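K.L.:
After the structure tokens below, expect a handful of questions from me.
Here, each number is a calculation from the coordinates, and none is a lab measurement. Quick caveat, the model's predicted, so the values are computed rather than measured. A quick note on method: Cβ atoms are made from the backbone with ideal geometry, for glycine too, and the neighbour counts reach across all protein chains shown.
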Amino acid sequence: MGFERIDDLLHRVTGDGSLHGVAATVVGRDGVLYEGASGSATPNSMFRNASMTKAVATTGALQLVEQGRVDLDAPVSSIVPEFGELQVLEGFDDGAPVLRAPRTQATVRQLMTHTAGCGYHFLNENLYRYCTEFGFPDPFSGMKKSISAPLVHDPGTVWEYGVNTDWLGMVVEAVSGQTLGDYLTEHVYRPLGMTDSTFAPSDEQRARLLPVHSRAADGSLAPTDLDLPEAPQWDAAGHGSYGTVADYGRFVRAWLNDGELDGTRILKAETVELALRDHLDGAPLPTKMEPTVPELAKAVELLPVPQGWGLGFHLYHVDLPGMRSAGSGDWSGLFNSFFWIDRTAGIGGVIATQLLPFFDDTMVETILAFEAAVYASL
């Protein structure tokens with residue numbers, strides 16, 4: 001297959017200074033179809049996976065579901081009692097937060113589908129006000145207390161992006177008796193040969209970490225101090241892992257192969273099928289996400305096509321012309337990294353830079369051109 005168009009694309013966006021570094025891989029069921037990098041990035045560069053951590057952490061939780069150690073419809077509080085202490089933030093009255101008990105108990109399944117009621121301070125106005133006015137830490141502070149911010153919805157009522165997967169990581173830790181990083185190393189990273197994937201990069205790995213840049217209003221790029229803390233208090237299932245694009249490509253290949261890679265099975269085929277089905281149960285997806293912290297993210301508008309959410313993955317329910325097939329799973333990371341898994345076509349891709357804010361115009365154009373080039377080459 002000829003993927004020269006991808007090389008041209010990556011070299012063009014770094015050559016003209018639009019991106020400081022970018023790496024990408026294309027994988028099929030039988031192997032790596034393309035691997036490349038440009039600018040400051042190399043195929044060996046380490047990346048902050050940010051929210052691309054979520055799919056891997058969910059995979060770990062799904063293993064426990066397979067083993068009968070976790071029930072998808074069990075109340076989260078029956079496994080992690082602290083979750084049962086969370087109240088719903090309804091708003092503010094004379095500057096004081098209005099809190100009440102949730103009308104229903106969130107389940108493990110709802111943590112996986114972002115319908116458990118949790119939010120992120122940088123995407124929810126009430127939660128942003130709560131964190132800033134009352135000195136409550138946000139998840140990027142590295143403080144474990146941050147995930148104990150109030151709920152912003154009753155569980156099961158609406159899709160809201162938030163610390164749901166961080167609580168899922170707490171479920172994995174409570175059931176396995178291991179830290180999330182140790183559990184994933186033993187049951188996902190090592191079996192799949194993801195040798196650079198970690199929650200605690202070594203000095204050598206940090207030396208390969210692509211620096212974070214930010215996009216100024218005039219379109220220029222500059223280094224930024226906005227970053228993940230080096231010593232967080234917990235292994236954040238929602239955003240805390242690091243790794244290479246090649247490592248993440250191995251994870252994508254395992255999902256393309258119904259849970260198996262190079263003779264090693266991490267999930268049953270029926271679990272893969274289950275996870276890539278819609279589980280929203282009527283909870284609506286937003287049409288647009290408006291950030292409260294513009295330094296972290298730009299507004300994100302969803303395509304006006306049928307979509308859903310599985311167990312750990314965003315789903316498209318229709319074929320995208322010239323691109324991925326209906327039923328494909330995908331997601332992204334705050335520092336502008338993206339992946340998709342198209343089991344119908346037997347193809348997946350990963351592309352990453354380290355740039356804020358999220359949903360950068362140039363990077364969005366690059367990922368669209370990257371995906372179109374992949375399918376044009378098939």
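K.L.:
With the Cα gyration tensor of the range 1-160 in hand, give its eigenvalues times 5 under a square root as the equivalent ellipsoid semi-axes, listed largest first in whole angstrom.
P.N.:
Its equivalent ellipsoid spans semi-axes of 39, 23, 12 Å.
K.L.:
So how do Thr244, Thr198 line up by other beta-carbon neighbours within 10 Å, fewest first?
P.N.:
By the 10 Å Cβ count, ascending: Thr198, Thr244.
K.L.:
Taking amide H positions as placed in the peptide plane 1.01 Å from N, state which residues far from His314 in sequence (5 or more) or on other chains have amide H under 5 Å from it.
P.N.:
Under 5 Å from the amide H of His314: Asp330.
K.L.:
Still on this structure, I have one more. Tell me the Kirkwood radius of the range 1-78: reciprocal of the mean inverse pair distance over distinct alpha-carbon atoms, in Å.
P.N.:
15.7 Å
K.L.:
So if I restrict to the alpha-carbon atoms in the range 125-249, what is the Rg, and what is Dmax, the biggest pairwise distance, in Å?
P.N.:
16.8, 49
K.L.:
What Kirkwood Rh does the range 200-352 have if only Cα atoms enter the pairwise 1/r average? Answer in Å.
P.N.:
Computed over Cα pairs of the range 200-352, the Kirkwood hydrodynamic radius comes out at 17.8 Å.
K.L.:
Can you list the HN-Hα couplings for the range 216-231, worked out from phi with the Karplus curve (6.51, -1.76, 1.60; θ = phi - 60°), rounded to whole Hz and with x for Gly and Pro?
P.N.:
Values, residue by residue: 7, 4, 7, x, 6, 10, 8, x, 9, 7, 5, 6, 7, x, 6, 10 Hz.
K.L.:
Mean separation of Cα pairs under 8 Å and 6+ residues apart, divided by the residue count of the chain: what relative contact order is that in percent?
P.N.:
Averaging sequence separation for qualifying contacts and normalising by length gives 23 percent for the chain.
K.L.:
Please list, by residue number, every one of the chymotrypsin sites (Phe, Trp or Tyr not before Pro) in the range 134-173 that is coil in DSSP and has at most 12 other beta-carbon atoms within 10 Å.
P.N.:
Loop-located and lightly packed - Phe134.
K.L.:
Among the trypsin sites (Lys or Arg not before Pro) in the range 90-147, which ones are in a DSSP loop with at most 15 other Cβ atoms within 10 Å of the Cβ? Mind listing them?
P.N.:
Counting only loop positions with at most 15 other Cβ atoms within 10 Å, the trypsin sites (Lys or Arg not before Pro) in the range 90-147 are Arg103.
K.L.:
Could you give each residue of the range 328-343 its phi-based ³J(HN,Hα) in whole Hz, using Karplus coefficients 6.51, -1.76, 1.60 with θ = phi - 60°, and x for Gly or Pro?
P.N.:
Per residue, the Karplus-derived 3J(HN,Hα) values read 5, x, 7, 5, 8, x, 3, 8, 6, 10, 9, 8, 8, 10, 10, 6 Hz.
K.L.:
What is the gain in length, in nm to one decimal, between Ser220 and Glu204 on full extension, counting 0.36 nm per residue of separation less the C-alpha to C-alpha distance?
P.N.:
Contour length minus the Cα-Cα distance gives 2.8 nm.
K.L.:
What is the set of long-range amide H partners of Val98 at a cut-off below 5 Å, with H atoms built 1.01 Å from backbone N?
P.N.:
Amide H neighbours of Val98, under 5 Å, 5+ apart: Glu90, Gly91, Phe92, Asp93.
K.L.:
Something else now. With both partners inside the chain, how many of the DSSP beta bridges are antiparallel, as a percent to the nearest 5?
P.N.:
Antiparallel bridges make up about 90 percent of those DSSP assigns within the chain.
K.L.:
Can you list the HN-Hα couplings for the range 361-378, worked out from phi with the Karplus curve (6.51, -1.76, 1.60; θ = phi - 60°), rounded to whole Hz and with x for Gly and Pro?
P.N.:
With the stated coefficients, the range 361-378 comes to 4, 5, 5, 5, 4, 5, 5, 5, 5, 4, 5, 4, 5, 4, 6, 5, 8, 6 Hz.
K.L.:
So which lysines pass the test for Lys288, namely a Cα distance under 18 Å, with those fewer than 8 places away in the same chain ruled out?
P.N.:
Output for Lys288: Lys298.
K.L.:
Just how far, in whole angstrom, is the range 119-137 from the range 217-294 if you go by their alpha carbon centroids?
P.N.:
Centre-to-centre distance over Cα atoms comes out at 23 Å.
K.L.:
Only loop residues by DSSP count here, and only those with at most 14 other Cβ atoms within 10 Å; note down the GluC sites (Glu not before Pro) in the range 266-368 that meet that.
P.N.:
Passing both the DSSP loop test and the Cβ count: Glu295.
K.L.:
Over the range 245-301, what number does the Rg to Rh ratio reach, with both radii from the alpha-carbon atoms and Rh per Kirkwood?
P.N.:
Ratio value, two decimals: 1.17.
K.L.:
What ratio of Cα Rg to 2.2 N^0.38 Å holds for the chain?
P.N.:
0.94
K.L.:
Can you list the residues, at least 5 places off or on another chain, whose amide H is less than 5 Å from the amide H of Ser337, using H built in the peptide plane?
P.N.:
So Ser337 has HN proximity to Thr353.
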